[in-house]
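Step one of this worksheet: look at the structure below.
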Amino acid sequence: MTTTERPFSAKHYSLVSCELRFLDDPCARLSSKVLAFRDPWLRLGYTEDGLFRYLAGSDPSLNRYAVVVSEETAGVVCVRYPWLRGPYLELLAVFPSHQGKGLGREILEWMSHECCRISNNIWTTVSSFNNRALSFYKGVGFVEIAVLTDLVAVGFGEILLQKKC
């Protein structure tokens with residue numbers, strides 16, 4: 001497969017109301033600062049430095065993008081591919097000032113479009129205490145598959161979700 005044929009491999013995607021741009025170090029640093037002090041990352045014990053290492057690290061199967069609206073970083077999305085029987089949405093975070101505007105839904109539509117070329121599954125996990133995220137994912141067609149206890153942090157469950165493309 002060439003780079004243009006491989007899903008989630010482009011450096012830039014233009015969506016209707018935002019762009020997804022390859023996540024560079026300055027955007028990774030900004031994103032880690034925003035996320036470290038918000039749930040679920042705060043409650044699960046993630047630090048700003050740990051998040052930055054994750055967002056800026058080298059991992060050929062993890063595609064990381066800044067969500068950009070009018071040249072402002074509005075969030076971050078990380079898609080792991082390949083992963084089992086379809087791509088895994090490892091992180092989707094829309095910053096508070098951009099929430100409620102349909103960006104998350106639009107990003108999942110993009111992901112479904114990319115996914116349909118390779119699989120009929122999209123996977124993600126949500127912390128069991130993160131009711132807002134769970135409601136969002138169920139609202140866009142994800143269904144609960146299993147609860148994985150102590151996966152990310154002891155004492156917390158992660159709900160494995162699947163969406164058919």
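The values are calculated or read from the model by the stated rules, or taken from the named source; none is laboratory data. Because the structure is predicted, anything quoted here is derived from the model rather than measured. Here Cβ is always computed from backbone atoms with ideal geometry, including for glycine, and neighbour counts include all displayed protein chains.
Do any strands (runs of 3 or more DSSP E) lying entirely in the range 1-93 carry at least 2 residues that are within 15 Å of the chain's Cα centre (by Cα), and which ones are they?
Filter on the range 1-93 gives 19-22, 62-69, 72-80.
Just for the range 79-113: of the residues that are hydroxyl-bearing (S, T, Y) and without any contact (Cβ under 8 Å) to a residue 60 or more places away in the chain, which one is farthest from S32 (Cα to Cα)?
Per the stated criteria, the residue is S112.
Could you tell me which of the residues E90, E72 is in contact with a strand residue (DSSP E or B) (Cβ under 9 Å, 6 or more places away or on another chain), modelled with pLDDT of 95 or more and acidic (D, E)?
E90
Listed here are the residues, each with its yes/no results for (1) touching a Gly at 6+ places or on another chain (Cβ under 8 Å); (2) within 23 Å of A133 (Cβ to Cβ); (3) in contact (Cβ under 8 Å) with a residue 12 or more places away in the chain; (4) surrounded by 18 or more Cβ atoms within 10 Å (Cβ to Cβ).
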position	(1), (2), (3), (4)
C18	no, yes, yes, yes
F22	no, no, yes, no
L42	no, yes, no, no
E48	no, yes, yes, no
L55	no, yes, yes, yes
R64	no, yes, yes, yes
S70	no, no, no, no
T73	no, yes, yes, yes
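Restricting attention to the range 94-110, and to residues there that are assigned to a helix (DSSP H, G or I) and among the small types (G, A, S), which single residue is farthest from F142 (Cα to Cα)?
Result: S97.
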